[in-house]
Each structure stands twice: as C-alpha cells, then as structure tokens.
Amino acid sequence: MDFLKLCADRYSVRSFADTPISDEVLNQILEAGRLAPTAMNFQPQRIFVIRSEEALTTMRTVKKCYGSNLVLMVCGDTEVACNRPKVDHCMAEMDCAIVTTQMMLEAHSLGVGTCWICAFDVPAMAKAFDLPENLTPYVLLALGYPSEDCQPGPRHFERLPLSDTVKML
C-alpha cells in the first residue's frame, strides 16, 4: 500500500467487531513499535497488552475503549528515557507517541482498526494496574477489526492546507 494512501485512509475506529486479533497479527503490530525510533535509542516504551477479561475489566474501571477487546497501554519508563536536564525535559512521552504511531499505521496496513486514546485519568490507570512510579501510561491504543457499519468521523476529512501548517524559512 502506498504510504500516503495508508495515512489518508486510516481513521479512528470507535466501533469494533467481535473478531479476535490473532497472535501473529498482534506480534506484527508490536514489532512495528519495537522498531520505532526513540531519543538516543533508549527505547523507554513499556507496552502492556490488555486482552484478558480480568485486565479489560480493570481498564474499564478507569476508561472504556469503545468496546475494543484488545488495548495496548503504552507507558514510558522515565528511568530509562533520555532526559534533557538543561531544558528539564524527559523524552518518554514523545518516544511513546512515535511508538504508538508506528503501531497504529502497521495495524491499519493489516486491516486492523485503532483508536488513539489519551484522555484518561493517568494516576488512576497507573494505580489500577499497580504500575511502579517510573512507568507513566501515556496512550491507550484500542485495536480491533472495525464493525461493518464503522465509518470515519465527520472531521476526519477536514485537513488544513499545507500553507496553513508549514512555513518555509
């Protein structure tokens, strides 16, 4: 598939079919995240595959993920991440965003829908899964095959022209 077409066609899926994702497909998606570039190649991402009924129930006490039966909780390990002390900035969140993007695009290339979820109570999610202090959950990536009636949201096709977002210097 042409990369720009893949980018244009991908949309946030908010209605999932019950069809399970095979381990083979899941591993391809996770491999795309493993191959993602990170600051200084420190690879601070820690990905929790939320798939069991127990884990899904725990997650849903904090955030419901559009009925997805497989969610990747992408966390950053602040003890491993590149830290820029001169500007007081830890790169873990940015690294996790890159990792999540690559997994999201790989999923779409395999026919798997995704929804990037970052609006959730981070401390409550960390507590629900008893995460150590050095792990911060940044993204929940809901995965699944789109339901038959699933369509892109109305704003999906609204894109600003390059001239509004790019300035040549």
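The values are calculated or read from the model by the stated rules, or taken from the named source; none is laboratory data. Keep in mind that this is a model prediction, so the values were computed, not measured. Here the Cβ positions follow ideal geometry from the backbone for every residue, glycine too, while neighbour counts run over all protein chains shown. Ligands, DNA and RNA are excluded from the accessible area calculation, which covers all protein heavy atoms including side chains. Shrake-Rupley method; radii C 1.70, N 1.55, O 1.52, S 1.80 Å.
Yes/no matrix, rows are residues, columns are (1) free of Cβ contacts under 8 Å to residues at least 12 places away in the same chain; (2) surrounded by fewer than 16 Cβ atoms within 10 Å (Cβ to Cβ); (3) over 18 Å from residue 50 (Cα atoms):
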residue: 80; (1), (2), (3): no, no, yes
residue: 99; (1), (2), (3): no, no, no
residue: 123; (1), (2), (3): yes, yes, no
residue: 127; (1), (2), (3): yes, yes, no
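Is it the case, given these coordinates, that residue 140 is of a type outside the set (Ser, Thr, Tyr), in contact with an Asp or Glu (Cβ under 9 Å, 6 or more places away or on another chain) and at pLDDT 95 or above? Spell out the reasoning first.
On the way: of a type outside the set (Ser, Thr, Tyr): yes; in contact with an Asp or Glu (Cβ under 9 Å, 6 or more places away or on another chain): no; at pLDDT 95 or above: yes.
Judged against the criteria, residue 140 is not a match.
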Checklist entry - Which ones in the range 38-60 are open to solvent by less than 80 Å² (accessible area, probe 1.4 Å), touching a residue at least 24 places away in the same chain (Cβ under 8 Å) and part of a loop (DSSP other than H, G, I, E, B)? => result 38, 43, 44
Checklist entry - Restricting the range 82-98 to residues that are in contact with a Ser or Thr (Cβ under 7 Å, 6 or more places away or on another chain) and not charged (D, E, K, R), which is modelled with the highest pLDDT? => result 98
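Could you check how many residues of the range 130-145 are open to solvent by 50 Å² or more (accessible area, probe 1.4 Å) and in contact with a strand residue (DSSP E or B) (Cβ under 7 Å, 6 or more places away or on another chain)?
First, the residues of the range 130-145 that are open to solvent by 50 Å² or more (accessible area, probe 1.4 Å): 130, 132-133, 145.
Cutting the leftovers down to in contact with a strand residue (DSSP E or B) (Cβ under 7 Å, 6 or more places away or on another chain) gives us 145.
The total comes to 1.
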Next on the checklist: I want to confirm something. Restricting to the range 146-169 and keeping residues that are of a type in the set (Asp, Glu) and in contact (Cβ under 8 Å) with a residue 60 or more places away in the chain, which single residue is least open to solvent (accessible area, probe 1.4 Å)?
Outcome noted: 149
Item to check | Criterion violated by residue 73 - all others in (1) surrounded by fewer than 19 Cβ atoms within 10 Å (Cβ to Cβ); (2) at pLDDT 95 or above satisfied | outcome: (1)
Next on the checklist: Residues that are in contact (Cβ under 8 Å) with a residue 24 or more places away in the chain, open to solvent by 20 Å² or more (accessible area, probe 1.4 Å), in contact with an Asp or Glu (Cβ under 8 Å, 6 or more places away or on another chain) and under 29 Å from residue 159 (Cα atoms): does the range 5-26 have at least one?
Outcome noted: yes
